[in-house]
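**Q** Got a structure for you, questions after.
The values are calculated or read from the model by the stated rules, or taken from the named source; none is laboratory data. What you are looking at is a predicted structure, and each value in this text was computed from that prediction instead of being measured. A quick note on method: Cβ atoms are made from the backbone with ideal geometry, for glycine too, and the neighbour counts reach across all protein chains shown.
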Amino acid sequence: MTQLTRRALFAGALATPLIASAGLAAPTAGGPLQITSDRSTSRFIWEPAKPRGVVLLSTGHGSWPERYDPIAQVLMAAGLAVIAPLHVDSVRHPDREKFDPQAGFIARLADMKAVSGEAAQRWPGQPVAAVGHSFGTLIGLCLGGALAYMAPLRDPSVRAVLGWSSPGKIPGLIAPPAYAGLQVPAMVITGDQDVVPGFVTDWRDHLFPIESSPAGGKYAVTFAGAAHDLVGGQPKPAYDAGLRYSVAFLEAQLFGSAEAKAIIDTAAGPGETWLRR
């Protein structure tokens with residue numbers, strides 16, 4: 001694999017605080033999920049009464065699944081089961097200090113392979129999407145075929161990728177052809193203030209996966225005034241719109257909803273800039 005530096009790996013991949021979800025059912029904390037013969041991790045599941053699709057959720061760097069409860073609740077209300085592992089870079093992972101950035105990146109991919117396998121057993125035959133935030137978005141894009149020059153990272157069960165922000169253009173990891181292998185539909189939700197001081201200095205970098213991947217089913221929406229903590233609920237009008245577009249995108253790509261596709265194909269709300277390819 002390409003050699004990574006700590007600064008490179010963390011570029012644009014910092015987790016941000018999420019709003020609390022008062023009054024909502026907590027996710028189910030499952031038992032240990034075996035990743036390799038000598039490593040396991042915990043994973044969390046949001047499961048509707050009758051799941052009709054599955055989301056593999058990868059969190060932002062340093063974060064943990066429960067912090068994404070508000071978004072997972074919305075997806076669950078749409079009939080999607082959500083499963084998210086606790087990645088080794090999480091501040092809540094007991095072995096965090098044992099993993100350098102490169103090992104942590106590889107571990108994330110292994111985590112997602114494990115939860116994908118569990119999802120296939122738990123919800124057989126259900127359509128699958130990868131959803132992420134920041135660094136988690138990169139992981140989702142890898143499951144959709146990105147970074148093929150590093151290794152065959154594609155998860156054939158994943159039909160679509162949705163990301164709130166992206167890790168930007170990480171030196172030493174994101175080369176110009178990084179997203180040439182992204183063959184599945186993808187959407188990135190970002191804002192024109194979506195920067196991480198010292199790491200991502202140009203919010204436009206978040207559009208790179210959509211701009212540089214093969215055309216067809218590719219979307220990005222940029223909200224005026226929204227920053228890297230948009231996923232945490234602010235500004236609320238943009239956050240609410242982002243949730244609507246997230247559900248519409250997944251409805252269109254996983255279930256073939258023409259009505260949902262029309263929403264993301266024609267949306268042009270105030271303060272929104274769309275890129276469609």
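**Q** Going by what's in this entry, would Gly125 be described as small (Gly, Ala, Ser), in contact with a Phe, Trp or Tyr (Cβ under 8 Å, 6 or more places away or on another chain) and closer than 22 Å to Pro51 by Cα? Break it down stepwise before answering.
**A** Values: small (Gly, Ala, Ser): yes; in contact with a Phe, Trp or Tyr (Cβ under 8 Å, 6 or more places away or on another chain): no; closer than 22 Å to Pro51 by Cα: yes.
Against the criterion (small (Gly, Ala, Ser), in contact with a Phe, Trp or Tyr (Cβ under 8 Å, 6 or more places away or on another chain) and closer than 22 Å to Pro51 by Cα), Gly125 does not qualify.
**Q** With the condition kept exactly as written, say whether any residue in region 116-136 is of a type in the set (Ser, Thr, Tyr), surrounded by fewer than 22 Cβ atoms within 10 Å (Cβ to Cβ) and not in a loop (DSSP other than H, G, I, E, B). If you could, list the steps in order and put the result at the bottom.
**A** Initial filter on region 116-136 (of a type in the set (Ser, Thr, Tyr)): 116, 134.
With the extra rule that they be surrounded by fewer than 22 Cβ atoms within 10 Å (Cβ to Cβ), the set shrinks to 116.
Cutting the leftovers down to not in a loop (DSSP other than H, G, I, E, B) gives us 116.
Looking through region 116-136, at least one residue is of a type in the set (Ser, Thr, Tyr), surrounded by fewer than 22 Cβ atoms within 10 Å (Cβ to Cβ) and not in a loop (DSSP other than H, G, I, E, B).
**Q** Please go through region 234-266 and pick out each residue that is farther than 21 Å from Ala129 by Cβ and out of contact with any Leu (no Cβ under 7 Å at 6 or more places or on another chain). Lay out the reasoning, then the answer.
**A** First pass over region 234-266, keeping only residues farther than 21 Å from Ala129 by Cβ: 234-238, 266.
Scanning region 234-266 gives Gln234, Pro235, Lys236, Pro237, Thr266.
**Q** Right, another one. I need a count of the residues in region 224-277 that are over 18 Å from the mean Cα position of the chain (by Cα) and aromatic (Phe, Trp, Tyr).
**A** 2
**Q** Return yes when Arg204 is touching a Ser or Thr at 6+ places or on another chain (Cβ under 9 Å) and closer than 17 Å to Ala146 by Cβ and no when it is not.
**A** Values: touching a Ser or Thr at 6+ places or on another chain (Cβ under 9 Å): yes; closer than 17 Å to Ala146 by Cβ: no.
In short, no.
**Q** Right, next: Scan region 156-163 and tell me whether some residue there is surrounded by fewer than 24 Cβ atoms within 10 Å (Cβ to Cβ), free of Cβ contacts under 8 Å to residues at least 60 places away in the same chain and over 19 Å from Lys218 (Cβ atoms).
**A** Within region 156-163, one or more residues are surrounded by fewer than 24 Cβ atoms within 10 Å (Cβ to Cβ), free of Cβ contacts under 8 Å to residues at least 60 places away in the same chain and over 19 Å from Lys218 (Cβ atoms).
**Q** List every residue pair whose Cβ atoms lie under 6 Å apart, where the two residues are 6 or more positions apart in sequence or sit on different chains, the first residue falls within region 85-104 and is within 18 Å of Asp69 (Cα to Cα), and the second residue, located anywhere, is in a helix (DSSP H, G or I).
**A** Pro85/Asp111; Pro85/Val115; His87/Arg108; His87/Asp111
**Q** Right, next: Would you please name the residue that is farthest from Trp46 (Cα to Cα), looking only at residues in region 123-155 that are at pLDDT 95 or above and polar (S, T, N, Q)?
**A** Restricting to residues being at pLDDT 95 or above and polar (S, T, N, Q), the top hit is Thr137.
**Q** Same structure, new question: Return the residues of region 85-105 that are within 16 Å of the chain's Cα centre (by Cα) and in a helix (DSSP H, G or I); say none if nothing qualifies.
**A** Just the residues of region 85-105 that are within 16 Å of the chain's Cα centre (by Cα), to begin with: 85-87, 89-90, 105.
Phe105, the sole residue that qualifies.
**Q** Take region 69-83 and flag every residue that is touching a Gly at 6+ places or on another chain (Cβ under 9 Å) and small (Gly, Ala, Ser).
**A** Across region 69-83, the qualifying residues are Ala78, Gly79, Ala81.
**Q** Right, next: Could you go through region 84-92 and let me know if any residue there is at positive phi, touching a helix residue (DSSP H, G or I) at 6+ places or on another chain (Cβ under 9 Å) and polar (S, T, N, Q).
**A** To start, the set of residues in region 84-92 that are at positive phi comprises none.
Looking through region 84-92, none of the residues is at positive phi, touching a helix residue (DSSP H, G or I) at 6+ places or on another chain (Cβ under 9 Å) and polar (S, T, N, Q).
**Q** Follow-up question, since we're still on this one. What number of residues within region 44-84 satisfy the criterion of being part of a loop (DSSP other than H, G, I, E, B), in contact with a strand residue (DSSP E or B) (Cβ under 6 Å, 6 or more places away or on another chain) and surrounded by fewer than 23 Cβ atoms within 10 Å (Cβ to Cβ)?
**A** Summing the residues that are part of a loop (DSSP other than H, G, I, E, B), in contact with a strand residue (DSSP E or B) (Cβ under 6 Å, 6 or more places away or on another chain) and surrounded by fewer than 23 Cβ atoms within 10 Å (Cβ to Cβ) in region 44-84 gives 2.
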